[in-house]
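To start, the structure itself, in structure tokens.
The values are calculated or read from the model by the stated rules, or taken from the named source; none is laboratory data. This structure is a prediction, so every number in the text was calculated from the model and none was measured. Counting neighbours? That spans all protein chains shown, and the Cβs are built from the backbone with ideal geometry, glycine included. Surface accessibility is based on the protein's heavy atoms, side chains included, excluding ligands, DNA and RNA. Shrake-Rupley method; radii C 1.70, N 1.55, O 1.52, S 1.80 Å.
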Number of protein chains: 2
Amino acid sequence: MTKPVRLALLGCGTVGAEVVRLLHEQAADLTARVGAPLELAGIAVRRITRDRGTLPVDPDLFTTDALGLVKRDDVDLVIEVVGGIEPARTWLVEAMRAGKSVVTANKALLAEDGGTLHDAAAEGGADLYYEAAVAGAIPLLRSLRESLHGDTISRVTGIVNGTTNFILSAMDATGAGFTEALDEATELGYAEADPTADVEGFDAAAKAAILASLAFHTRVTAADVHREGITEVTAADMASAKAMGCTIKLLCIASRGPDSRGTESVSVRVHPAMIPVSHPLASVGDAFNAVFVEAAAAGQLMFYGRGAGGAPTASAVLGDVVAAARNHLAGVRTPSESSYAALPIRPMGEAVTRYHISLDVADRPGVLAAVAGVFARHDVSIATVRQASASAGPADGTGPVGRGGDAILVIVTHVAPDAALAATVEELRGLEIVRSIASVLRVEGGSR
Amino acid sequence: MTKPVRLALLGCGTVGAEVVRLLHEQAADLTARVGAPLELAGIAVRRITRDRGTLPVDPDLFTTDALGLVKRDDVDLVIEVVGGIEPARTWLVEAMRAGKSVVTANKALLAEDGGTLHDAAAEGGADLYYEAAVAGAIPLLRSLRESLHGDTISRVTGIVNGTTNFILSAMDATGAGFTEALDEATELGYAEADPTADVEGFDAAAKAAILASLAFHTRVTAADVHREGITEVTAADMASAKAMGCTIKLLCIASRGPDSRGTESVSVRVHPAMIPVSHPLASVGDAFNAVFVEAAAAGQLMFYGRGAGGAPTASAVLGDVVAAARNHLAGVRTPSESSYAALPIRPMGEAVTRYHISLDVADRPGVLAAVAGVFARHDVSIATVRQASASAGPADGTGPVGRGGDAILVIVTHVAPDAALAATVEELRGLEIVRSIASVLRVEGGSR
């Protein structure tokens, strides 16, 4: 029998327990695929509790000394499923500097300080794998990192947060408001007790940074990502989207192209946006993830699957473990980080988007001319205008519009720099004839 | 400057020319990603013609001596986009035995005799990459070959032939018959002058063999694949599918599971089948490809994109070239073929499917009892029966059924072994009360 590859597992929550279970259940297959058995050398946990006993593993493997475990001579590979910046970063840097390859699902750490991890991997000649950090079991990162390396990726558009997609899908299906849909998600276990990381878009922004780094061969961190969550998406917004043949999704959008000075640059943003129901991402329901990739030669590609959960995430972790273990046995490593392009990050104001704006306006002659004038001053071209009664039901323009009262103007623009669109909205807000701005949403997935 | 990696390109048709163009256009990026320039050492073509001059390449690189080119000492990697069994096999075996890695798009060769290629790769310590052989630019093979290696794949269901998907999508959209839709596909360049390989399912069967080999760690050849084309799919079949909330797709289906004696085995088949319009594969239109993968831990995954065409295929080829070139520089190779499982191939008769059967029957009492008796004798359970007038328009069961004349019985079964279903149909054919069997189609994508 070949000498086993010895694994240190850091963390034994939902994902870690599933990794332990799969290592046990699929031991024969994994051995055949790797060329040697995979053996757990130790499992670092915060507290050693009795209920670990249900896992198919020797209870003596548990330790609370993660750093000690990582440093042990009989550990070949380190799997980290703890999350968070510290102490995970210290453990992983220590492991890789010692030449031990790392498999991690830690999106927050990769997005905040991926550079430190990549540098440590290069220094120690170790592999750094993190397929599980984005879109769970969907084999997305290896595709960006290897399969598409002969191509030029222009844009990545994804639904990468299951919690928010569940909430928005529920709002679309039932007409519920955000709070109501969040409550349902919490009840069903799709949202955590503190849902901030999900609903405010932090989780999606971390993933967007990782995707952009791989797609554009450029170090992108979470701080480079423009981030807006879904807490302000209302039932009225969703109804308005549906009236336009759209739905609302929390999208992460990473694109490259020339900025206003013609410099090739990268724009990365996370925000709710309307997309046409005919767009492949529109039909991605519940807690599923999907990522749409556009490349010069490959054209349009889409990846779809479960983005979270113990088993899907563990599947991604183990795929990486097999690769890292094979490399360990062969004494080689996979290509390291590719960040040669080092493209500059474009500020959000220069991102090119379209806006959908609902205005509550005074219903009198000259209103449209005044409003249109504001758009023109900011060089924003209007694609469509619909006018509806403020009191009538659906804002479909068919309701009676009573002179002298209020009216709703629904305006969709052509593409323009986000700063020009934001400035337009600001100026509209100051107009006497504009009673209020009911909603502002970006529109994606159409012609750009 | 690092010493370049020298490439031999075998074939310079649509895909080859696109490879040449991308090598030229993306030279700086490819150099950065590989760590050394990629340089064409020669291009083998059948005939040296004047019009090659439009390619961004030295005309002196063209040669008609492919074998001589492959053997040259200054060639590091071989790219093959010629297709067919011989002489491609001889060239590639020769290359790999000499330690030169191969990137090929040759699905026919891989499906017929992949074993010989894999053996030559192992013998020479060379890499064998073939992402472009299945589903064009969709990064499917690397995902099966690496990302999902920590998981157990139970089923792969795909639309892997663009020509037939274009034809069936047209039949679904316009109600056209097969011949009419094929004519349109030919006119638009989606079907070749001789469409046999596509419409008879040979192309899809080759891809099915390659997918099954990777998914199940088992050598599967085209001869192991049960194959039926789409030439017998009629406008009436499509109408019948639509009446059931389905559409018809040419599916390749590779699955593993216990056979009738409980032996874990692999079933691989290509045939037209009804799938519910709600199934993710149903909305894959035009010449697009999509592959649906089900794995124990990962759950359901879907990959979608362009399956053919010069640029998408060249993107896949170049992704492989970058990987092979990096390995060449590092003096390593990727894991070779994984066929350790060596599962037996289950005969089609033991594949578990559902049937949709339209019968033209005499309209008199006792017919349904007689027909149902045949199903019962073969242990095939009926899921639904609809009865419609033979002359009325849509077979939706609402038409008037005149006693004494003919009636149409539309029967959908529960899952059963294909042999039992086929025997049922055979016995029905012999019944006096069955005037004719209007259509028999398998039904997939529902509960199994």
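Solvent-accessible surface (1.4 Å probe) assigned to residue B:62 amounts to roughly 20 Å². Computed from Cα atoms, the angle from the helix A:202-216 axis to the main principal axis of chain A rounds to 80 degrees. Distances between placed amide hydrogens fall under 5 Å for residue B:443 paired with B:274, B:354, B:355, B:356, all partners being 5 or more residues away or on another chain.
From other protein chains only, count the Cβ atoms within 10 Å of every residue's Cβ in B:285-293, then give the mean. Write out the running numbers ahead of the final one.
Working: counts 0, 0, 0, 4, 0, 2, 0, 2, 3.
Per-residue shielding by partner chains comes out at 1.
Taking 0.36 nm per residue of separation and subtracting the current Cα-Cα distance, fully stretching the chain between residue B:300 and residue B:277 would add 6.6 nm. When the square roots of the Cα gyration tensor eigenvalues are ordered a ≥ b ≥ c, the ratio a/c for the protein assembly as shown is under 1.5, which makes its shape rounded.
Could you state the angle between the C-alpha long axis of helix B:310-330 and the longest principal axis of the C-alpha atoms of chain B, as a value from 0 to 90 degrees rounded to the nearest 10? Orientation of helix B:310-330: about 50 degrees from the principal axis.
Backbone phi angles across the stretch B:290-306, fed through the Karplus curve with coefficients 6.51, -1.76 and 1.60 (θ = phi - 60°), yield HN-Hα couplings of 7, 9, 10, 10, 10, 10, 4, 8, 5, x, 8, 10, 9, 10, 9, x, 7 Hz in residue order; Gly and Pro are listed as x. What figure in square angstrom, to the nearest 10, would you give for the accessible area of residue B:54 with a 1.4 Å probe? Estimated to the nearest 10 Å², residue B:54 gives 120 Å². Computed from the C-beta positions of residue A:369 and residue A:187 and an R0 of 45 Å, the FRET efficiency is 0.35 to the nearest 0.05.
Sorted from nearest, the other copies put their residue B:54 label points 6.7 nm away, the label point being 7 Å from Cα in the direction of Cβ. Across identical copies of the chain, residue A:340 has label-point separations of 3.5 nm, listed in ascending order, with the point defined 7 angstrom from Cα along Cα→Cβ. Computed with a 1.4 Å probe over protein heavy atoms only, the accessible surface of the protein assembly as shown comes to 38 Å² per residue. The modelled label-to-label distance for the pair residue B:264/residue A:437, using points 7 Å beyond Cα in the direction of Cβ, is 6.0 nm.
Helix A:178-187 and the longest principal axis of the Cα set of chain A meet at an angle near 20°. Of all residues in chain A, the one whose Cβ lies closest to the rotation axis carrying A onto B, together with that distance in whole Å, is A:332, 2. The lysines within cross-link reach of residue B:3, meaning a Cα-to-Cα straight distance under 26 Å and a gap of 8 or more places when in the same chain, are B:71, B:100.
Here is how far apart the residue B:154 label points are across copies: 4.0 nm, shortest first, using a point 7 Å from Cα toward Cβ. Would you mind telling me which residue in B:113, B:194, B:203 has the biggest mean-square fluctuation in a Gaussian network model of chain B, where springs connect alpha carbons within a distance under 10 angstrom? Of B:113, B:194, B:203, the Gaussian network model singles out B:194 as fluctuating most.
Mean partner shielding of peptide B:316-328, defined as the number of other chain Cβ atoms within 10 Å of each residue Cβ, is 4.
Taking the Cα centre of the protein assembly as shown as reference, the dipole from Cβ charges on Lys and Arg (+1) and Asp and Glu (-1) amounts to some 340 debye.
Of the accessible area of the stretch B:1-149, with the probe set at 1.4 angstrom, what percent is carbon plus sulfur? Intermediate results must be reported in sequence, preceding the final value.
Numbers: 2710 of 5710 Å².
Exposed carbon and sulfur together represent 48 percent of the surface.
Residues A:174, B:2, A:152 ordered from highest to lowest accessible area at a 1.4 Å probe: A:174, B:2, A:152.
Determine the total buried accessible area between chain A and chain B, counting protein heavy atoms only with a 1.4 Å probe; round to the nearest 100 Å².
On the way: alone 18700 and 18690 Å², together 33610 Å².
For chain A against chain B, roughly 3800 Å² becomes buried.
Of the residues A:270, A:191, A:10, the one whose Cα sits farthest toward the positive end of the charge dipole of chain A, with +1 on the Cβ of Lys and Arg and -1 on the Cβ of Asp and Glu, is A:270.
Only Lys, Arg, Asp and Glu count, each charged at its Cβ (+1, +1, -1, -1), so figure out the dipole size of the stretch A:141-306 about its Cα centre, rounded to 20 debye.
Rounded to the nearest 20 debye, it is 800 debye.
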